[in-house]
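Below you'll find the structure, written out as structure tokens, and then a few comments.
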Amino acid sequence: MDVEFRHLRAFHVLATELNFTKAAARLHLTQQALSNQIKQLETRIGATLFQRNSRQVTLTDAGRTLLARVPDILDTVGAAIADTRDTESGQRTELIVGVRGVTGLDITPRVLRAFAAEYPHVALTVGKVEFDDSSAGVLAGAADVGLVWLPAPDGLDVTPLLAEERIALLPADHPFAAETAVQPEELAVQPFVWWTDNRDLAARDFMTLAEYRDGPAIIGAEVATLEDLLAAVGSGQAVAVSVASVSRFFPWSGVVTRPLREVTPAVLAVACRTGDTRPLVAAFVRIAAKIGADLIAEGSAAAPV
């Protein structure tokens with residue numbers, strides 16, 4: 001089947017704009033040339049992709065099916081061309097991935113392995129960042145892409161991957177530790193641990209259960225690392241809310257975990273800087289989204305809500 005890259009590019013732009021005048025301008029083509037490319041594509045694949053009349057352009061069911069696949073195809077081809085050029089010039093491309101509190105999740109190694117298999121000539125560097133950097137190093141320029149927990153700070157484009165339950169971290173002698181699960185409105189008024197340099201109010205509200213209380217959170221201790229957080233909880237200074245995967249650090253002296261009753265889960269996402277259109281960044285986002293969907297389909301993870 002002799003489908004050319006220019007055909008798919010023309011299809012994608014027209015499917016996005018649904019307007020021949022605007023699409024032709026973006027592609028630097030005449031409307032007639034664009035119409036000819038779309039007709040060639042439809043003939044070669046044997047399907048009608050657009051319905052056209054004097055007033056509007058709409059996608060057919062076949063067109064919507066193709067549109068679901070074409071962005072990934074364009075990203076992959078673009079990345080392959082860029083990587084080939086780097087190989088020819090002797091340059092080894094690097095992609096830095098920031099990870100924040102996700103090393104215990106099944107998705108992290110699977111995404112990294114899948115990316116490395118598809119892009120073997122890319123030097124993939126994984127940078128662990130402190131919990132007080134909710135962008136996983138992306139906003140600071142220390143990482144090209146990151147695996148982060150939502151809500152994410154402004155300045156990031158995020159693609160949700162999967163959901164994980166939030167849990168309570170309690171001092172072992174706390175009254176709530178005797179319960180099988182904790183009421184969020186009761187925990188929300190307790191003194192919390194929070195990060196010394198993290199001024200992200202949306203993240204703080206989410207992880208201190210702000211929707212279950214009136215007024216700001218009581219901060220009982222400020223910490224810089226996860227180990228410091230667990231030590232602050234274990235010493236009875238405060239409580240904390242975290243994601244269930246933090247249990248990989250347990251047992252931890254003086255700290256117990258309990259489920260929270262009927263709270264929305266935390267959502268893991270892949271993030272890049274807003275407007276970052278580099279092919280390798282787009283490829284990493286695509287691969288992470290696919291692995292997340294695979295885990296959900298396998299029943300190994302919950303879908304984001």
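Check every one of the helices (runs of 4 or more DSSP H) wholly within region 154-253 and list those with 2 or more residues that are open to solvent by less than 10 Å² (accessible area, probe 1.4 Å).
Fully inside region 154-253 and qualifying: 184-187, 226-234.
May I ask you to list the residues in region 128-144 that are open to solvent by less than 30 Å² (accessible area, probe 1.4 Å) and under 19 Å from Asp200 (Cβ atoms)?
Ser134, Ser135, Ala136, Gly137, Val138, Ala143
Is one or more of the residues making up region 2-21 more than 21 Å from Gly78 (Cβ to Cβ) and within 32 Å of the chain's Cα centre (by Cα)? Spell out how you get there, then give the answer.
The first filter runs over region 2-21 and keeps only residues more than 21 Å from Gly78 (Cβ to Cβ), leaving 18-21.
Cutting the leftovers down to within 32 Å of the chain's Cα centre (by Cα) gives us 18-19.
Yes, that holds for at least one residue.
So, in region 238-293, how many residues would count as being within 30 Å of Ala80 (Cβ to Cβ), in contact with a Gly (Cβ under 7 Å, 6 or more places away or on another chain) and at pLDDT below 90?
1
Which residue out of Thr264, Thr274 is among the hydroxyl-bearing types (Ser, Thr, Tyr), within 17 Å of the chain's Cα centre (by Cα) and surrounded by fewer than 19 Cβ atoms within 10 Å (Cβ to Cβ)?
Working: Thr264 fails: within 17 Å of the chain's Cα centre (by Cα).
Every option except Thr274 fails the conditions.
Each row is one residue, and each column tells you yes or no for (1) of a type in the set (A, V, I, L, M); (2) under 17 Å from Ile96 (Cβ atoms); (3) part of a helix (DSSP H, G or I); (4) touching a Pro at 6+ places or on another chain (Cβ under 8 Å).
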| position | (1), (2), (3), (4) |
| --- | --- |
| Glu262 | no, no, no, yes |
| Val267 | yes, no, no, yes |
| Ala271 | yes, yes, no, no |
| Gly275 | no, no, no, no |
| Ala282 | yes, yes, yes, no |
| Val285 | yes, yes, yes, no |
| Lys290 | no, no, yes, no |
| Ala293 | yes, no, yes, no |
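The values are calculated or read from the model by the stated rules, or taken from the named source; none is laboratory data. Nothing here was measured: the structure is a model prediction, and the numbers come from that model. Using ideal geometry, Cβ is built from the backbone for each residue, glycine included, and neighbour counts are taken over all protein chains shown. Just so you know, the surface numbers come from the protein's heavy atoms only, side chains and all, with ligands and any DNA or RNA stripped out. Shrake-Rupley method; radii C 1.70, N 1.55, O 1.52, S 1.80 Å.
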